[in-house]
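Just below is one structure, and these are the notes that go with it.
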Amino acid sequence: MAMEEREREQAPGYAAHDGPGGRTGGGPGPGTGHEPEPLSDLERGTVQRAQLRTRIADIAWTALIVVLGLWALWSAVGIARETENALVYCVVGGVLFTVALWARLSTLKARARTHL
């Protein structure tokens with residue numbers, strides 16, 4: 001605790017009469033009502049919120065493509081083992097995998113165009 005107080009006292013703009021967290025020279029300090037409080041990381045309109053939404057979408061797309069790819073692959077193994085209806089599952093899995101991959105790639109291209 002004493003170390004933190006010494007570091008705060010040595011910080012530029014700190015005066016001995018300032019309370020905890022108080023500073024001089026930079027205008028009113030936090031909590032005085034004169035300065036708007038900074039946005040937290042995930043408030044609306046922040047870059048972090050937009051990045052979070054994009055990152056969640058990336059994770060969801062990746063998970064969907066992996067699951068569909070594994071489904072198509074497992075069905076192909078079923079064809080080799082001559083499992084009943086494996087061909088139907090393989091075709092459906094392959095089509096869904098292709099559509100999901102195409103949609104994912106098109107969203108990546110669209111994102112690249114909008115973030116120039």
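Where a number appears in this text, it was derived from the coordinates with a stated rule and is not lab data. Everything numeric in this text was worked out from a predicted model, so none of it was measured. All Cβ positions, glycine included, derive from the backbone under ideal geometry; neighbour counts span all protein chains shown.
General observations
- Using θ = phi - 60° and Karplus 6.51 cos²θ - 1.76 cosθ + 1.60, couplings along the range 54-59 (whole Hz; Gly, Pro as x): 5, 5, 5, 4, 4, 5
- Label point distance in nm, A76-E35, each placed 7 Å from Cα along Cα→Cβ: 6.0 nm
- Counting 0.36 nm for each residue step from L64 to L105 and taking away their Cα separation leaves a gain of 13.4 nm.
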